[in-house]
Each structure stands twice: as C-alpha cells, then as structure tokens.
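Notes follow the structure.
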Amino acid sequence: MHRYFLLNKPYDMLSQFIGGQGRMLGELGYAFPEGTHPIGRLDNHSEGLLILTTNKKVTKLLFQSEVPHTRTYLVRVYREVSAETLEKLRTGVTIRIKGNVDYVTTPCEVELVKEPENLFPGGYEYRAGLPHSWLRITLTEGKYHQIRKMTRAVGHPCQRLIRVAIENLRLGDLLAGQVREVGEEVFFEKLKITT
C-alpha cells in the first residue's frame, strides 16, 4: 500500500534525500518509509508545499498528463508592482530556458495580495524600509526557476518564493519542516488525477 505526504519544505533545504551538497530531506527527522521520493522539486531557496510518496506512478500522472495542473505561489518581489507589470506577467514574458533558448511563458494568474499574516519564518533577512510587493501566482508550467526568471524579466527580483498549493492540495497551517500524511483517496482527489 502506497503512502502520501505533504511537507512544508524549509528555506535552504534541497528537495532530495541523498546525493546533494547541503541540507537534505533526511535531516527533518521524519520516519519516511523506504522508497519515499519527492514529486516535483523546489530549489533550495524556495519554500512551501512539497509532496512525497512511495508511488512511482504519481510523477507521470501529475506532470506528464494531457491536462496541466495548477501550482500556486506566494511571491515577495522587490519594489512596488504596477498594474501594467501585472498584466505583462499574466499574458507572458520572455525568459531564458535550458539550452540558452528564449521562451515566452504561457498565460497565468497573477494578483497583488496583502502581506500574508502569520507567515512562517523564512531564512530571509530583509532590510527594513525597502519597497516590495507580494504576489499570488498560479501557473500550469514549471520551467527551471520560472517564477524567479519571470519577475526578474519585468524588473522585480524575487525575494521570497513559497509554494502554497498544487491543484487543491494546500500547504495550510503546516510550519516549516512539518510533515502531514494524507490518505490515497484524498491525495488523488485533491490533485485531480486518476490512476
């Protein structure tokens, strides 16, 4: 029987158990069963929802299906973002991807949001008084460092990036480093995938 987990991946931790340099998932001290692996990744400076499972089929079902799945992020960027810039982000911006190729991002949902309340501590140190904005970005693709590249392309470098949802599977109140196990039926239903 397969098992399914939600993790609030902390800042400055790799999305892997072995083979990397730096803090890895095994250091969380959680007794994951043998064969547990992450589905998708967050770079070490990104935080938030990471799903893990012993079911090797989930990656293909989620990321290689004909129907794209949404991922939602809270993003703190440098400087105040204008309505014009929000529209650029929504309709697509040119970023550089693997192979040194220019790529125009697909349309996505972007909205300006208030600074999240009770936001779990991150590894970031902000200089007081610097202008910034918080965005909620929901997209269906995941090129390498895509959101960081998108916000940089429009003149707003990313300062903090937190994945808060994949489809209807939400981070909720999980604190950094906490793990919650979910049942298979709930897992598949909230991710909108069928076996």
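The values are calculated or read from the model by the stated rules, or taken from the named source; none is laboratory data. Note that the structure is a prediction, hence the values are computed from the model and not measured. Cβ: placed from backbone, ideal geometry, glycine included. Neighbour counts: every protein chain shown.
Could you tell me whether segment 146-155 includes any residue that is of a type in the set (Ser, Thr, Tyr), farther than 26 Å from residue 67 by Cβ and at pLDDT 95 or above?
Yes.
For the subset of segment 1-31 comprising residues that are without any contact (Cβ under 8 Å) to a residue 40 or more places away in the chain and in contact with a Phe, Trp or Tyr (Cβ under 9 Å, 6 or more places away or on another chain), which member is surrounded by the most Cβ atoms within 10 Å (Cβ to Cβ)?
Only one residue fits best here, namely 25.
Mind checking whether some residue in segment 8-24 is assigned to a strand (DSSP E or B) and either among the aromatic types (Phe, Trp, Tyr) or in contact with a Leu (Cβ under 6 Å, 6 or more places away or on another chain) (or both)?
Yes, segment 8-24 contains at least one residue that is assigned to a strand (DSSP E or B) and either among the aromatic types (Phe, Trp, Tyr) or in contact with a Leu (Cβ under 6 Å, 6 or more places away or on another chain) (or both).
May I ask you to list the residues in segment 91-111 that are over 18 Å from residue 70 (Cα atoms) and crowded, with 17+ Cβ neighbours inside 10 Å?
Listed by number, the residues that qualify are 93, 95, 103.
Mind listing whichever residues of segment 75-101 are in contact with a Lys or Arg (Cβ under 6 Å, 6 or more places away or on another chain) and of a type outside the set (Val, Ile, Thr)?
76
Go through segment 54-78 and give me each residue that's more than 16 Å from residue 147 (Cβ to Cβ) and modelled with pLDDT of 95 or more.
Hit for segment 54-78 is 54, nothing else.
When residues of segment 143-160 are filtered for being surrounded by 15 or more Cβ atoms within 10 Å (Cβ to Cβ) and under 18 Å from residue 39 (Cα atoms), how many remain?
Within segment 143-160, residues that are surrounded by 15 or more Cβ atoms within 10 Å (Cβ to Cβ) and under 18 Å from residue 39 (Cα atoms) number 3.
Do we find that residue 174 is under 15 Å from the mean Cα position of the chain (by Cα) and either part of a loop (DSSP other than H, G, I, E, B) or of a type outside the set (A, V, I, L, M) (or both) in this structure?
Yes, satisfied.
Hey, among 89, 112, which residue is modelled with pLDDT of 95 or more, in contact with a helix residue (DSSP H, G or I) (Cβ under 7 Å, 6 or more places away or on another chain), part of a helix (DSSP H, G or I) and under 20 Å from residue 135 (Cα atoms)?
From the options 89, 112, the qualifying one is 89.
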